[in-house]
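The values are calculated or read from the model by the stated rules, or taken from the named source; none is laboratory data. The structure presented is a predicted model; accordingly, all values stated were derived computationally and were not measured. Quick reminder, even Gly has a Cβ in these numbers, built from the backbone with ideal geometry, and neighbours come from all protein chains shown. Side chains included, ligands, DNA and RNA excluded: accessible areas come from the protein's heavy atoms. Shrake-Rupley method; radii C 1.70, N 1.55, O 1.52, S 1.80 Å.
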Amino acid sequence: MTIDALRHVPLFESLDDEAARKLCQLLDDIDCKAKTVLFRAGEEGNAMYLIEQGKVRISVQATDGHEMTLAELGRGDFFGEMALLDGQRRSADAMVAEDSRLAVLSLEHFLSFVRSSSDIELEMLT
């Protein structure tokens, strides 16, 4: 994950170069096959994802039992960030729509990053 790609996430766009480099080092790259379920609605949120390559489908189960697609995300998109901020359970399902490479920021790494400097919190709030 490059610093420029990381800055496409509004939460991280105002980070200075040093902080952005540090955050990039905390990301784990994973390769996922199509139809891999990343998470389901109701699960605990423990990571956010940035798409480096491929596509991910975000969906919910409609009241009639059918799956309703909310978004199909591609390269440069991100999802799951609310889990890092609000601590709530997942509100939708995320499934890999085509073979993909994702950068994953775990809640643990995010919290250690934010706690590492009060300047980082201020940069992210701006």
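Name the one entry in Leu50, Leu85 that is at pLDDT 95 or above and either assigned to a strand (DSSP E or B) or not aromatic (Phe, Trp, Tyr) (or both). On inspection, the qualifying residue turns out to be Leu50. For residues that are open to solvent by 40 Å² or more (accessible area, probe 1.4 Å) and over 11 Å from the mean Cα position of the chain (by Cα), scanning just region 77-96, find the one that is nearest to Leu111 (Cα to Cα). By that ranking, first place goes to Leu85. Within region 1-25, the residues that satisfy the criterion of being part of a helix (DSSP H, G or I) and under 12 Å from Val114 (Cα atoms) are Ala19, Ala20, Lys22, Leu23. Has region 55-75 got any residue that is among the hydrophobic types (A, V, I, L, M, F, W, C), open to solvent by 90 Å² or more (accessible area, probe 1.4 Å) and touching a strand residue (DSSP E or B) at 6+ places or on another chain (Cβ under 7 Å)? Yes, that holds for at least one residue.
Taking Ala97, is it in a strand (DSSP E or B), over 22 Å from Ile3 (Cα atoms) and in contact (Cβ under 8 Å) with a residue 60 or more places away in the chain?
Answer is yes for this residue.
Within region 38-54, which residues are of a type outside the set (A, V, I, L, M, F, W, C) and surrounded by fewer than 17 Cβ atoms within 10 Å (Cβ to Cβ)?
Matches in region 38-54: Arg40, Gly42, Glu43, Glu44, Asn46, Gln53.
Within region 107-126, is there a residue that is part of a loop (DSSP other than H, G, I, E, B), out of contact with any strand residue (DSSP E or B) (no Cβ under 8 Å at 6 or more places or on another chain) and open to solvent by less than 40 Å² (accessible area, probe 1.4 Å)? Yes, some residue in region 107-126 is part of a loop (DSSP other than H, G, I, E, B), out of contact with any strand residue (DSSP E or B) (no Cβ under 8 Å at 6 or more places or on another chain) and open to solvent by less than 40 Å² (accessible area, probe 1.4 Å). Filtering region 79-126 to residues that are among the aromatic types (Phe, Trp, Tyr) and over 17 Å from Ala41 (Cα atoms) leaves Phe110, Phe113.
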